[in-house]
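Contents: one structure, followed by commentary.
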Amino acid sequence: MLAVPRTGRRAPRWVAWTLLLAALVATVGVLLNRRFFYGNDDLLQFSAAREDGLSWRFLSLNVFQHFGPYDRFGHWLVFQYTDLSPALGLSLVLANCTALLAACLWLMTELRLSALRRVVALIVIALSAPTVESGIWFDASMHILPAIAATIAVCAAHVRAVRTGRRRWHVIAVVLFVLAQLIQERPVLALPLLVLVDVLLLWQPLPWRTRGRRLWSLRWPLAALALAAAAIAAALQEFVVLRTFATPSWGVTARHMLMAVTDYAVPSMINRPRGEPTTLPVELAVLAGLLAAGLLLARLRKYNAGPLLFVAAMFLLYYGFLKFSPMLTTDLIKENALRLHNAVYATVPAIIGLAHVRLPRLRVRRRPPAEQPSAATHRVLQVSGCLALAAYLLLSCIGYLDRRWDDTTRARAYVDAVRASVSAWSDPGVDVVPLFAPSAMATGWSAEMARHDVLLPFIDKDVSVGAVGRSMVLIDNHGQVQPAALATVRPEVDLVDGGCGASGRRLTDKADLYFPTIGTSPLFLRLDYRASQDMDIRLSSAWDHVWTANSWPTRLPAGSHTRLIPIASPLLLGIDLQTGTPGAEFCVATASIVRAVQVDEATQRCREVDWFGRSGRVTHCP
């Protein structure tokens, strides 16, 4: 993004910046190496990539009201060319991190910040908890980091156009602004952001009237960006936004904005976010302290008013954007406020703003020239200070990540162990009981996407999980393959409808089964069926007149087979099966309710297991 120097004299400076960026990105890579994981939205996109391949249907997939072909393409690459190995995904994350730091360096260079201020800002941006945390989870890193990079790059191109007077940079800014929508919608923040950069940073020394005249002189480039933003907003409203959600009230929004800024966003800039939200009086006291410190700095150095207003505007701009965004619903506002990888949209430009703040001048006795420190001494002190800052941020970031992401770090180790044992569970001579991977990698709505019949085909594209054969295995909570057996809980069920009949040719699109009440878990429906084609089937379990559906369907191959279908509810007395594939039909030959047990082949003893493969008490071997 920075112009390559034409003379050999400037080459060392360019090389130095490149080495700094490489060192920072490498440090981030070390922090992410054992923590990086795939989960939640990643599993949904891997599943869509398997179904649709590299198609516009997949690239335009609406994931929680986000349009992001760049993000989808990254997931297709990982699904297509890896076995969920972290190498490719982590490489894409570090590429996004490099783009972010390069864009920040470009903008700060255009704003004529000193080399020392740029170095300090880059260190803080790279090693702050919000930035690093945004790289741990693949999906977050594929839309958050490049979105911020694109936003900052648009501002940098605009500032370069203003400084040089060359119209082509205005054109580049508009092109970047439009192309950034391939990442997600948040780069539209570049429009108000670049106005704030002009008024509060670039033109800070000028009188307000002069700033106004200069801003008016940019009316046509700004109008072009505004028209592009309006077109983007209209397209999102028409094709992406779901109009079924109500945003929270202004009072609720303001309350959570206060919590997000005082408890998480601002403390996270020095890697000290709170573990839990504090009380309202504490949050108000923190806000008052921040305002008092800002007023004092502006009072001591008038120049600081612009940068500090810019910092305050970053938080109001981002969280205000969330208020008008359809993503911020009443039930999700607290979750969004607590996420540091959402705060990073505000903290990165805020750090650039703080890099402009000047400390008060201290009145000290001027030393004679002979007693003044040499330039080499100044350089040593500056380098030592930067290294000390980097060391503090690095150590504090490690401590935070170890506390915050301990569960997902263990889930990553689990997936690595499963990948290492692929030859044992993908052997055609064995069949895998579809238990669950650790819950940390699939929470809430995505919990059932951690089922082995969903997860394992991402690792081995040819494996089919859930068939019932003579040699059964399960994957325990450490990712190790163990011998297994199926213990029958209800050998016979009352097939109300959907049976194959005497001829075995009576097919339908649903079936209902009833049996005496069961109150144990985990349970599976052992289903002997016949299907007209490959199909998805959704199981719903009944208890106390309430039907609970599995959140993710089970894939049934065409023909006559026996499969295990997980039952989500621990209490049930009935099961409803419905096809999820248009035109597909099936019938049930026989069915029974079973549970899996782990077999110790050395002692011929069996143990109960839970959904995650944790072994329990000794039980009878079937």
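The values are calculated or read from the model by the stated rules, or taken from the named source; none is laboratory data. Since the structure is predicted, the reported quantities are computational estimates derived from the model, not experimental observations. Reconstructed Cβ throughout: ideal geometry from the backbone, glycine too, with neighbour counts over all protein chains shown. All accessible areas refer to the heavy atoms of the entire protein, side chains included, with ligands and DNA or RNA removed. Shrake-Rupley method; radii C 1.70, N 1.55, O 1.52, S 1.80 Å.
Counting the residues of region 577-611 that are in contact with a strand residue (DSSP E or B) (Cβ under 7 Å, 6 or more places away or on another chain), surrounded by fewer than 17 Cβ atoms within 10 Å (Cβ to Cβ), in a loop (DSSP other than H, G, I, E, B) and of a type outside the set (D, E, K, R) gives 1. Filtering region 514-527 for residues that are of a type in the set (S, T, Y), in contact with a strand residue (DSSP E or B) (Cβ under 9 Å, 6 or more places away or on another chain) and assigned to a loop (DSSP other than H, G, I, E, B) leaves a non-empty set. When the test is whether a residue is open to solvent by 60 Å² or more (accessible area, probe 1.4 Å), of a type in the set (A, V, I, L, M), touching a helix residue (DSSP H, G or I) at 6+ places or on another chain (Cβ under 6 Å) and touching a residue at least 60 places away in the same chain (Cβ under 8 Å), L309 passes it.
Quick one: is L84 open to solvent by less than 40 Å² (accessible area, probe 1.4 Å), more than 22 Å from L393 (Cα to Cα) and assigned to a loop (DSSP other than H, G, I, E, B)? Spelling it out, L84 is indeed open to solvent by less than 40 Å² (accessible area, probe 1.4 Å), more than 22 Å from L393 (Cα to Cα) and assigned to a loop (DSSP other than H, G, I, E, B). Set side by side, the residues L59, L44, L21, L31 differ, and just one is in contact (Cβ under 8 Å) with a residue 60 or more places away in the chain, of a type in the set (A, V, I, L, M), surrounded by 14 or more Cβ atoms within 10 Å (Cβ to Cβ) and closer than 24 Å to T581 by Cβ, which is L44.
If you go through region 138-157 and pick out every residue that is of a type in the set (S, T, Y) and either over 27 Å from N40 (Cβ atoms) or open to solvent by 10 Å² or more (accessible area, probe 1.4 Å) (or both), you end up with 1.
How many residues does region 475-501 contain that are farther than 29 Å from C587 by Cβ and assigned to a strand (DSSP E or B)? Final tally of qualifying residues: 4.
Of the residues making up region 112-137, those that are touching a helix residue (DSSP H, G or I) at 6+ places or on another chain (Cβ under 7 Å) and open to solvent by less than 20 Å² (accessible area, probe 1.4 Å) number 15. Of the residues making up region 540-575, those that are part of a strand (DSSP E or B) and at pLDDT 90 or above are T554, R555, L556, G559, S560, H561, T562, R563, L564, I565, P566.
V418 versus (1) touching a strand residue (DSSP E or B) at 6+ places or on another chain (Cβ under 7 Å); (2) open to solvent by 30 Å² or more (accessible area, probe 1.4 Å); (3) in a helix (DSSP H, G or I): which is the lone unmet condition? Against the list (1) touching a strand residue (DSSP E or B) at 6+ places or on another chain (Cβ under 7 Å); (2) open to solvent by 30 Å² or more (accessible area, probe 1.4 Å); (3) in a helix (DSSP H, G or I), V418 comes up short only on (2).
Could you list, in sequence order, all residues of region 421-435 that are without any contact (Cβ under 8 Å) to a residue 60 or more places away in the chain, surrounded by 15 or more Cβ atoms within 10 Å (Cβ to Cβ) and part of a helix (DSSP H, G or I)? Of everything in region 421-435, those that are without any contact (Cβ under 8 Å) to a residue 60 or more places away in the chain, surrounded by 15 or more Cβ atoms within 10 Å (Cβ to Cβ) and part of a helix (DSSP H, G or I) turn out to be A424, W425. Take L387 and decide whether it is part of a helix (DSSP H, G or I), closer than 23 Å to M269 by Cβ, open to solvent by 70 Å² or more (accessible area, probe 1.4 Å) and free of Cβ contacts under 8 Å to residues at least 12 places away in the same chain. Yes, satisfied. Give me the pairs, please: first residue somewhere in region 134-154 and among the charged types (D, E, K, R), second residue anywhere and surrounded by fewer than 24 Cβ atoms within 10 Å (Cβ to Cβ), beta-carbon distance under 6 Å, and either six or more positions apart or on two chains. Here the result reads D139/D41, each pair linking region 134-154 to a residue that is surrounded by fewer than 24 Cβ atoms within 10 Å (Cβ to Cβ).
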